[in-house]
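I have placed the structure first, in the form of structure tokens, so that the comments after it can refer back to it.
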Amino acid sequence: MLAGVLTGAFIGLFFHQEGWMGGYGSYPRRLTRLGHISFFGLGFLNLIFAATASQLLLSASYFRVASWALIVGAITMPAVCFLSAWRKPMRHLFPIPVVSVAVGVLAILIGWWRR
């Protein structure tokens with residue numbers, strides 16, 4: 001979450017410039033905004049999981065898989081967004097954070113259903 005605040009502060013220094021990063025609708029600027037907001041979105045997902053994990057009664061294995069997968073997703077999603085904004089071919093790395101978050105969510109759902 002702190003990384004989201006810091007990147008938002010940095011990005012905010014330049015948002016007033018119409019042509020910054022190719023303009024508001026440009027690919028690099030959109031990916032930069034997505035990277036910034038993913039710090040918050042996936043951070044909140046991790047916080048909500050941590051706050052409710054004891055109530056979900058997940059087995060240790062499902063809990064461990066969900067925890068690690070959500071952490072990996074929270075780290076790699078903004079990284080891949082920023083890398084993709086920098087170099088377009090880096091967009092091919094998006095399956096890493098997407099699959100990671102999907103595995104985390106599925107581990108929670110399957111673990112909760114099997115309890």
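Just so you know, all these numbers are worked out from the coordinates, no wet-lab data involved. As the structure is a computational prediction, the values presented were derived from the model and not from experiment. Note that we place each Cβ from the backbone using ideal geometry, even for glycine, and neighbour counts take in every protein chain shown.
Pick the calculated Cα Rg over 2.2 N^0.38 Å for this structure from (i) 1.23; (ii) 1.06; (iii) 1.73?
This structure yields the entry labelled (i).
What is the spin-label model distance, in nm, from Thr52 to Trp112 if the labels are put 7 Å beyond Cα along the C-beta direction?
So the label points at Thr52 and Trp112 sit 0.5 nm apart.
Between Tyr27 and Arg64, what FRET efficiency comes out of the Förster formula 1/(1 + (r/R0)^6) with R0 = 35 Å and r the beta carbon distance, rounded to 0.05?
That pair, Arg64 with Tyr27, gives E of 0.40.
Mind ranking 77-88, 45-56 by how tightly packed they are, going by the mean number of other C-beta atoms within 10 angstrom, highest first?
Sorting 77-88, 45-56 by mean packing, highest first, produces 77-88, 45-56.
If you stretched the chain out fully between Phe14 and Ile96, how much longer would it get, using 0.36 nm times the residue separation minus the C-alpha to C-alpha distance?
26.6 nm
When Lys and Arg each count +1 and Asp and Glu each count -1, what net charge do the other residues less than 15 Å away from Phe63, Cβ to Cβ, add up to?
Once all neighbours under 15 Å are counted, the net charge is +3.
In nm, to one decimal, how far is the modelled label at Ile71 from the one at Lys88, with both set 7 Å along Cα→Cβ?
Label-label distance for Ile71 and Lys88, simple model: 3.6 nm.
In degrees, nearest 10, range 0 to 90: what is the angle between the Cα axis of helix 2-12 and the longest Cα principal axis of the chain?
Compared with the principal axis, the helix lies near 20 degrees.
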